[in-house]
Every structure is written in C-alpha cells, then in structure tokens.
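Trainee: One structure, pasted below without further comment.
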Amino acid sequence: KVVNMATAFGEEAPDNADYYSLLNVRREASQEELKSSYRRLCMLYHPDKHRDLELKKQAEQLFNLVHQAYEVLSDPQSRAIYDIYGKKGLEMEGWEVVERKKTATEIREEFERLEREREERRLQQRTNPKGTISVGIDATELFDRYDEEYEDVPGSSFPQVEINRMHISQSIEAPLTATDTAILSGSLSTQNGNGGGTINLALRRVTSAKGWGELEFGAGDLQGPVFGLKIFRNLTPKCFVTTNCALQFSSRGIQPGLTTVVARHLDKNTMGYLQWRWGIQSSMNTSIVRDTKSSHFTMALQLGIPHTFVMVSYQHKFQDEEQTRLKGSIKAGSFGTVLEYGAERKISRHSMLGATVSIGVPQGVSLKIKLNRASQSYFFPIHLTDQLLPSAVFYATVAPIVFYVAMHRLVIKPYLNAQKERELEKQRENSANEIHHKKQEAEAAVRLMQESVRRIIEAEESKMGLIIVNAWYGKFVTDNSQKNERVKVIDVTVPLQCLVKDSKLILTETSKVGLPGFYDPCVGEDKSLKVLYQFRGALHQVMSTDSEPLRIPKQSHKIDIDG
C-alpha cells in the first residue's frame, strides 16, 4: 500500500545519489546502454582481478556499488521509484512507498497525487501575508524657495524636507478548506495631519476549475460600510471575465458601483482587456499588454469621468543575474501629461530596488523609490518641484544612480559575498565527513584503474588515438578580479583515460562529480572540467561546465600552435 509521503520522508527532499553519473549514462538511457556501461565497469572493478588484499577489498566495495546502480536502473519499477524518491524510496522495507506491481507510469501518477496532497497541507498552514508601506516626502524647498521673504527667519537658510503623508496596508490569507479562503486586510492613511483607516474581510470560494467567487465586507472611519461581490470565470481557454459589484453606504445614501473586465489571449504573449466601470467614477478602458522574456509593452485608452487619457509604456528586461529592467511611459489626458522613466534591479535573493523619475504638467517633478522585499513593498514618493526645472530633473536622474553604485560597491556586494561565504562554509562543514569518504573512494578507484589505463594508453598510442595528457575538475579562477581566490581542483587524468573507448570519450549531461574516480573538491561552488588531450599526434584542449555533455575528440578543440 501507499503510505503518506510526509511520514515517509519527514517533509524533506529525498537523498538522490546519482547512479546515472556513476554509470556515465543519460537519464533516458536504454537497457543496452546500461548493460554496456555496467559490463565495462565490472571488468574494471571485479575483485578477482586483484591479488593485493587492500586493492581487492576496495574493488569489492566499488563493484557492489556499480552492481547496485545497475540493479536499480535496469528494473523499470525500481528506476521509476529512484527517479522520483531517490535512494530513500528504495531503502524503505517492504516497498512501503508504492505497490510493487504498479507500472512506472502509475508510480509517477501516484507521486503527483501525493505531492498535491502535501501542497494542500502546506497551503492550509500558510497565511501568505502581504503588506505595503508608503511614505510621501515633500522636498520642494530644495529647488523652489522664498529666500527673500524668509531670509531673516532663524533656520531659514536650511531647506526643509518633511513627510506629508503615509499609508500602511496589510493583508493575510487563511485557507479554511481546499476550496475556501478567508482574507483579512486593513489600512491606515494620514495626510497633512488628517488620517483614517479601513478594515476588510473577504471570503473566497473556488467553485470549479473555471472560476471562483468572493464576498467582501468593509468598514472605515471616513466612509461607511461596503458590501461587495466579485466573480471570476473562464469563458474559454483563451478568454475570462471578472465582475465586481459593490454597495457603499454613507450619509448621502447608498452608492452602487459595478466593474466588469473581459480579457482575451490574442497570442502566446499578448493579452487584450476591456473594462467598464459604472458608479461614482464611470469610465471605459481598453488596453493591450504584451509580455515576453525580454520586454513588457502596454498601451491603454480610457474614456471616463473625471479622467480621460491615453498611455503607452515599455519595459526592457535584461537577461542578467540581477534581473535589471529599464522602463519608460508617457500618459496624456484631461489631467495633463506625465512622462516617466526608471529602472529596477535585484539586490539580493528576495529584494528588488527600483527608482522612477516622473515629469508632468502641471504635476511637476517627482522621484519614486520602491523596494520589494519578499511579499512586502515599500514606496517613497519624493515630490521635488511643482515646476519643470532642469536642475530637479538632473538630480532626480543622477542622484539615485550615484547612490546605488556607491551602496552596491560599499555595502550590498560585500554583504552578499560574506553571506555566500558563510553559507558555503556551513555547507562544507555539514558535508565534510561525506566528502572525506568520497575522496577515499575516488582514490581507491584510481588505484584500481591503473592497470586498465596502462593497457588503454598502449592501445591508443599504437593507432595515434586519444590520449588524455592532463585533466582537472573543480573551480578554476580566470577572472582578474578573483586573483586572490584559491583554485580548487583535482586531477582526473586517470579516470577520464579509463573511460576512453575506441578513441572516443563521451560524458553525459549529468554532474561529473559522480563519475568513478571523481569527488567534489569545492562543495556548493560552480565546477568545470578542463581536459588537455592528444589525438593523431596533435594537442587539443577543452573546458566544459559541470553538467554540460562532452564528446571528444573534436576538430574545434585543436590547439593552433602556429597562432
């Protein structure tokens, strides 16, 4: 029978020692490929081939490990369990993970079902908090002062920068069942000494795979109670509709409101939206949004009371580690014209920092700073001037760039490097015993390979074939900025030569750390394989990443001695 996955694995990811890497086969390897690799390694590690007692003992251990890997991968049911659960699934007594008679497809389906159950349990334990803090800053005195009028007032020589408004909102979700969720949210706002707050409770139910509904009740000290109903429905696989009805109770009576949005996929990356809003601020809006891996484009047109406008925005996404994005937009309508441009960048694993300059008529010039940390957002809109002053535009553009570069070099980068080093050191400490054992195992494998390697080299030399001159595996330091960093590599010349067959060496896309004679010399760091080899009397050289497949010899690897 199937047992509960959470109980079986203690809610932890299974240990997945790579049998594929040990046999140097693809994860999609056929039975013939498995058998060929197994026979080759059996000939290498068979205990009867070694007379020395110590070598015989080491050969027996490695022979048993290779045999175990082949036994698992050659059996479809065991292989399916190993692919999903790892070694822990195989080591459980009585095959408690799954019924023995089930096929590989049924095992995978059972695993997916148990994963969904575990995800539902995690979901019910999660409150998914979200929050926003916005602090408005008035810095107009930096660029627009009344010096003559206030020059005799004490302290007037220093421009005043003050906070003129704040807004705080927070929400949490509490899953009640697999289909029902309660959402509690609240907000507090203050501006120029006046403030207020609201609190909302919503109950959401997923009615089917095509839709959900939500009931909302809210109250606040500035407005009366609000009752709302929101409905989402997929009309077709490419089209959905959202309707939101609300009743606002106040001293002036009941004010109804209705908002309906119809959306449709125009193509793989493009969505079209139509929105109708009826009530206090009636409007009709249409927009097209195109989102790709490298860009985000939006064009919108709204006709309504009190605002009518047209807006175009574009965002370019750089494919770098920091997920840098440059964006710009222009919006023109009954309220005036606003031009915005800015950038945002990832500064840590869970944090994004962005800055946007807003230039508008009659709004003036503003700088908006935004920090996203996990599910929390922090906004700092800074109003610089009511007029279009070139000095305000210049400082709003340049100051954030200078500040970011200084902070990144002096604070953020050193902090992230120190944090990464601490994590690596902790990882090394936790795996020290295992790495020591793997190192001994690799050294034993190399000793057992010596005789076979000698015969392979003799055979290859007789036909001007493939000779591994030098091979190194680990972390190579090539960047000039990392001169002080220590190179962490191991010599794998013998293990690679042992894998040469018919003047060819083929390594699969799995990590090379599991190959016979290999071990991890730099836990948690990026590793590469560098090979210097001779083929038909000419020297060749190649360098590949850890999980990159490698096939040699190749003409492109040849070293141009004349150059």
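Trainee: Just to make sure I understand: if all protein chains stay in place, what is the order of Val489, Val357 by accessible area at 1.4 Å, largest first?
Mentor: The ordering from most to least exposed comes out as Val489, Val357.
Trainee: Filter the trypsin sites (Lys or Arg not before Pro) in segment 328-397 to those in DSSP coil with at most 15 other Cβ atoms within 10 Å of their Cβ, and list the result.
Mentor: Arg349
Trainee: What does the helix-only formula give at 222 nm for the chain: each DSSP H stretch with n ≥ 4 adding -39500 (n - 2.57), the total divided by the residues, and the result rounded to the nearest 500 deg cm²/dmol?
Mentor: Calculated mean residue ellipticity at 222 nm is -9000 deg cm²/dmol.
Trainee: Just tell me, in residue order, which DSSP H segments of the chain are both 18 angstrom or longer along the helix axis (alpha-carbon based) and at least 1.0 in mean Kyte-Doolittle hydropathy.
Mentor: Taking the DSSP H segments of the chain (at least 18 Å long, mean hydropathy at least 1.0), we get 390-407.
Trainee: Any chance you could run the full-extension gain for Glu451 through Met166? It's 0.36 nm times the residue separation minus the Cα-Cα distance, nm to one decimal. Spell out each step's value before the answer.
Mentor: Values: separation 285, 0.36 × 285 = 102.60 nm, distance 7.69 nm.
Gain in length upon complete extension: 94.9 nm.
Trainee: Sticking with this one: So with the 1.4 Å probe, I'd like the accessible area per residue for segment 151-267, rounded to whole Å².
Mentor: Dividing the accessible area of segment 151-267 by its residue count gives 66 Å².
Trainee: Once Rh for the chain is found with the Kirkwood sum over Cα pairs, what is the Stokes-Einstein diffusion coefficient at 20 °C and 1.002 mPa s, in µm²/s?
Mentor: In µm²/s, the coefficient rounds to 70.
Trainee: Report the percentage of all Cα-Cα pairs in segment 281-352 whose separation exceeds 15 Å, rounded to a whole percent.
Mentor: In whole percent, the share of Cα-Cα pairs in segment 281-352 beyond 15 Å is 61.
Trainee: Here is a further query. On a full-extension model of 0.36 nm per residue, what is the gain between Leu53 and Val135, subtracting their alpha-carbon distance, rounded to one decimal in nm?
Mentor: Taking Leu53 through Val135 to full extension adds about 22.0 nm, to one decimal.
Trainee: Decide, for segment 253-390, between rounded, prolate and oblate: order the square roots of the alpha carbon gyration tensor eigenvalues as a ≥ b ≥ c, take rounded if a/c falls under 1.5, and otherwise choose prolate if a/b is larger than b/c, else oblate. Could the numbers behind the result be given before it?
Mentor: Values: a/c = 1.72, a/b = 1.23, b/c = 1.41.
Here segment 253-390 falls in the oblate category.
Trainee: Same structure, new question: What chymotrypsin sites (Phe, Trp or Tyr not before Pro) does segment 506-561 have in DSSP loop regions with at most 16 other beta carbons within 10 Å?
Mentor: Answer in residue order: no site qualifies.
Trainee: Report the full-extension gain for the segment Lys210 to Met543: residue separation times 0.36 nm, less the Cα-Cα distance, to one decimal in nm.
Mentor: Length gained between Lys210 and Met543: 114.8 nm.
Trainee: Any idea of the accessible area per residue across segment 358-481, 1.4 Å probe, to the nearest Å²?
Mentor: 63
Trainee: Something else about it: Just in segment 497-563: which trypsin sites (Lys or Arg not before Pro) are loop by DSSP and have at most 13 other Cβ atoms within 10 Å?
Mentor: Arg536, Lys554
Trainee: At a Förster distance of 35 Å, what's the computed FRET efficiency of Gln223 paired with Lys426, Cβ-Cβ distance as r, to 0.05? Intermediate values should be presented prior to the final figure.
Mentor: On the way: r = 52 Å, r/R0 = 1.48.
The pair Gln223/Lys426 has a calculated efficiency of 0.10.
The values are calculated or read from the model by the stated rules, or taken from the named source; none is laboratory data. Not measured: the values here are computed from a predicted model. As a convention, Cβ positions derive from the backbone with ideal geometry for all residues, glycine included, and neighbour counts pool all protein chains shown. Protein only, heavy atoms only, side chains kept; ligands, DNA and RNA dropped before computing areas. Shrake-Rupley method; radii C 1.70, N 1.55, O 1.52, S 1.80 Å.
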